[in-house]
Amino acid sequence: MIAIKKLKVNLGGFTLQDINLDIKPGEYFIILGPTGAGKTVLLEAIAGLYPVLEGEVWINGREVTKLNPEKKGIGIVYQDQALFPHLSVEGNIAFGLRLRKYPKQEIKAKIAAMAETVGIPHLLKRSPVTLSGGERQKVALARALVTEPKVLLLDEPLGALDPETRERMQRELREVHRRLKVTTIHVTHDFEEAVALGHRVAVLNDGSIAQVGTPEEFLRQPSSEFVARFALSRNIFTGRAEDGENGCALIDIGGVRLRAITESRGEVRLSLRPEDILISQEPLQSTARNCFQGMVTDIADRGSVVYVTVTLPPDFVCLITRQALDELELRKGVRAWITFKASAIHVF
Amino acid sequence: MGIWRKPDSMSIVFVVLGTLMLLFIFVPLIKTIFSSSPGTLWNTLLGEDVYSSILLTICAALMATLLGLLLGVPLAYLLARRQFRGKRFLEAIIDVPIVIPHSAAGVALLFVFGSNFLCGKVFHGIGIDFFRTFAGIVIAMMFVSVPFLIDSAKEGFKAVDVRLEKVARTLGASPWSAFFRISLPLAWRSIFAGSVLMWARGLSEFGAIVIIAYSASFFGWNTKVLPVLVADRFDFGLEYAGPVAALAILISLIAFIVLRTIAYRGEKA
């Protein structure tokens, strides 16, 4: 377990303060915040790589705030991977093991096993400079995990990857975490990433934690405008997926069955972008596969655009222009139809 | 091949001026080297005062460079990694030996290391004197040439991403271990290039040395560094100074070629 108590860190321009977090053993914990919020510095402070002004860091019931980074049992993966360019992939992964003076045979065995886990056995002899972004990320992950850290810190690990690789790495991160069950703190500015991976999420704003909770809690009870801005931009549901017609999946999200295009079955989490939902007064005749009637329960004005909440239940947040709002004569309590394509549903 | 265009007047003027500049650098060097026949050069090289001088110069410059590595590399690392008040001022001080007259630098060194002064007395206590000795030549060379090493090493360390060191720490490396396994190997090329530059600059030092150690005893010879020997020979005329000057230029040139080769290899990697 990791406990962070009243942590205070100076960032030059401003301070992170009053950071309190309790992270459970084996948990995948996300720290979500905009760029420049001090996420990386917070990770480095936890790792002992950045000076802490006040507060305490506890790992497994032991206070480690002032402990040197090499004694803490923490693994870190940076966005730019920070692989050692003068060492081979194997040399990179072996680095921590050699420092621990493991016998040669054991080092070889551990590297082979870890390379298998993250799927890079074919890359061991290569130089890191010749690898793609996704491959480098796996090497960095293997290097951090092979020393069996108590805590794994991930600093925007998917930030520098192209969208396709990003999605694949997301799946692999979840898979690796499921297998090794290492307590993980992952910082990101991407809410979808947080939802896809995080058991719980903490939102960092203005130098302190604005809210901690599960991704669903963020949707139902955002504690502030700032958190809402992060969360309101997405519809996120948990449901059960089963086979539907034409290779589509039917996902029951509690009363409503959505048609979605996905291979996943069983318990799934999904998101739907507010701008992908059409609102109308009559049911739309279209190729869109999902069409439901509900009641307008909230209208949030954001200037030229408006967030309209339509409750079936559950709540769907839709993004429309101010002009559309006026033309549709939407008000609280009015019944309306929402329509969206099966392909608009993104299953994590 | 590009399409031939009529060169504009500016290009023509710049190429002509540039050529004059290059000739000004090249011709004296080439002419000095070729003014003496290979036979004359060989015979000069065999003269005891010449080869003892070459050995003295090379060894003293090497010693200065080694001392520079020991004391200068840690300083370079601190300057590359730490932010502190007055850092700019410190960096300026390090480059001062390059801009002051070197004879003045020699005088300044004697004010500290001369046998009448505290530092000189301390070293005298452990058997090291500086006036007219090998050690004096070494500190004179070091004083005027170590800025090249410090600056080059500093740039080398700056180019190493500090996150590499941080990752190394989390993987179990102590600060020493992170330095020797990560920072030093990655900055090594810059440090080496700086060392060659320092060594070559040390070889060619005249002003500071002529004040501190016009001549020194070295392995039983009483000899002088090459630049001083060249000046000495000039008292008897250009034809006496010529062959020694040619040798001095050749030795420096070889050192310089080594430096360029290393720098070029770094570019390709």
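The values are calculated or read from the model by the stated rules, or taken from the named source; none is laboratory data. The shown structure was predicted, so the numbers you read here are calculated from the model rather than taken from an experiment. No Cβ is skipped: glycine too gets one built from the backbone with ideal geometry, and neighbour counts run over all protein chains shown. Surface accessibility is based on the protein's heavy atoms, side chains included, excluding ligands, DNA and RNA. Shrake-Rupley method; radii C 1.70, N 1.55, O 1.52, S 1.80 Å.
Observations
- Conditions (1) in contact with a strand residue (DSSP E or B) (Cβ under 9 Å, 6 or more places away or on another chain); (2) open to solvent by 20 Å² or more (accessible area, probe 1.4 Å); number of the one not met by A:PHE191: (2)
- Long-range neighbours under 9 Å by Cβ, at least six apart or interchain, first residue in contact (Cβ under 8 Å) with a residue 60 or more places away in the chain within the stretch A:290-303, second aromatic (Phe, Trp, Tyr): A:ALA300/A:TYR307
For (1) over 22 Å from A:GLU192 (Cα atoms); (2) among the β-branched types (Val, Ile, Thr); (3) under 26 Å from the mean Cα position of the chain (by Cα), each residue gets a yes or a no:
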position	(1), (2), (3)
A:GLU245	yes, no, no
A:ILE261	no, yes, yes
A:VAL268	no, yes, yes
A:LEU278	no, no, no
A:VAL305	no, yes, no
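- Test for A:VAL89: is it of a type in the set (A, V, I, L, M) and surrounded by 18 or more Cβ atoms within 10 Å (Cβ to Cβ): yes
- Qualifying residue in the stretch A:206-213 (condition: open to solvent by 10 Å² or more (accessible area, probe 1.4 Å), of a type in the set (A, V, I, L, M) and part of a loop (DSSP other than H, G, I, E, B)): no
- Flag for A:GLY38 being open to solvent by 50 Å² or more (accessible area, probe 1.4 Å) and more than 10 Å from chain B (Cβ to nearest Cβ): no
- Looking only at the stretch A:243-252, and only at residues there that are over 26 Å from A:PHE191 (Cα atoms) and loosely packed, with under 14 Cβ neighbours inside 10 Å, the one that is modelled with the highest pLDDT: A:ASP243
- Enumeration of residues in the stretch A:114-142 that are within 14 Å of another protein chain (Cβ to nearest Cβ) and either touching a residue at least 24 places away in the same chain (Cβ under 8 Å) or within 14 Å of A:THR165 (Cβ to Cβ) (or both): A:MET114, A:SER127, A:PRO128, A:VAL129, A:ARG136, A:GLN137, A:VAL139, A:ALA140, A:LEU141, A:ALA142
- If you filter the stretch A:62-102 down to residues that are farther than 26 Å from A:VAL187 by Cα and of a type in the set (Ser, Thr, Tyr), you find that the one that is farthest from the other protein chains (Cβ to nearest Cβ) is A:SER88.
Each row is one residue, and each column tells you yes or no for (1) within 14 Å of chain A (Cβ to nearest Cβ); (2) open to solvent by less than 60 Å² (accessible area, probe 1.4 Å); (3) within 23 Å of the chain's Cα centre (by Cα).
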residue: B:LYS87; (1), (2), (3): no, yes, no
residue: B:ILE93; (1), (2), (3): no, no, yes
residue: B:HIS102; (1), (2), (3): no, yes, yes
residue: B:PHE117; (1), (2), (3): no, no, no
residue: B:PHE123; (1), (2), (3): no, no, no
residue: B:MET142; (1), (2), (3): no, yes, yes
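- Total residues in the stretch B:155-214, condition open to solvent by less than 20 Å² (accessible area, probe 1.4 Å), more than 11 Å from every other protein chain (Cβ to nearest Cβ) and either outside any helix (DSSP H, G or I) or basic (Lys, Arg) (or both): 2
The rows are residues; the columns are (1) at pLDDT below 90; (2) touching a Pro at 6+ places or on another chain (Cβ under 9 Å); (3) under 24 Å from B:VAL225 (Cα atoms); (4) of a type in the set (Gly, Ala, Ser).
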| position | (1), (2), (3), (4) |
| --- | --- |
| B:LEU62 | no, no, yes, no |
| B:THR65 | no, no, yes, no |
| B:LEU69 | no, no, yes, no |
| B:ARG81 | no, no, no, no |
| B:GLY114 | yes, no, yes, yes |
| B:PHE117 | yes, no, no, no |
| B:THR133 | yes, no, yes, no |
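- Flag for A:GLN105 being more than 13 Å from chain B (Cβ to nearest Cβ), in a helix (DSSP H, G or I) and over 27 Å from the mean Cα position of the chain (by Cα): yes
- Taking each residue of the stretch B:61-89 that is touching a residue at least 40 places away in the same chain (Cβ under 8 Å) and looking for partners that are open to solvent by 60 Å² or more (accessible area, probe 1.4 Å) with beta-carbon atoms closer than 6 Å, six or more apart or interchain, yields B:ALA80/B:LYS158.
- Scan of the stretch A:253-293 for residues that are open to solvent by less than 40 Å² (accessible area, probe 1.4 Å) and under 16 Å from A:ILE320 (Cβ atoms), ordered by number: A:LEU272, A:PRO274, A:ILE277, A:ILE279, A:SER280, A:ALA288
- Test result for A:LEU49, of a type outside the set (D, E, K, R) and either over 23 Å from A:GLU156 (Cβ atoms) or more than 8 Å from chain B (Cβ to nearest Cβ) (or both): no
- Residues of the stretch A:143-171 satisfying the condition of being away from chain B (no Cβ under 12 Å) and either buried (at least 18 other Cβ atoms within 10 Å of the Cβ) or part of a loop (DSSP other than H, G, I, E, B) (or both): A:LEU154, A:GLU156, A:PRO157, A:LEU158, A:GLY159, A:ALA160, A:LEU161, A:ASP162, A:ARG166, A:MET169, A:GLN170
- Residue check for A:VAL118: at pLDDT 90 or above and β-branched (Val, Ile, Thr): no
- Checking A:LEU21 against (1) among the hydrophobic types (A, V, I, L, M, F, W, C); (2) modelled with pLDDT of 90 or more; (3) buried (at least 22 other Cβ atoms within 10 Å of the Cβ), the condition it does not meet: (3)
- Test: residue in the stretch B:219-235 that is surrounded by 20 or more Cβ atoms within 10 Å (Cβ to Cβ), assigned to a helix (DSSP H, G or I) and within 11 Å of chain A (Cβ to nearest Cβ): no
- Some residue of the stretch A:140-157 being among the charged types (D, E, K, R), in the same structural domain as A:GLY26 (by TED's automatic domain parsing) and over 19 Å from A:ILE74 (Cα atoms): no
- Of all residue pairs spaced 6 or more apart or on separate chains, those with beta-carbon atoms under 7 Å, a first member in the stretch A:318-346 that is under 21 Å from A:VAL268 (Cα atoms) and a second member that is in a strand (DSSP E or B) and of a type in the set (Lys, Arg) are A:ALA342/A:ARG259.
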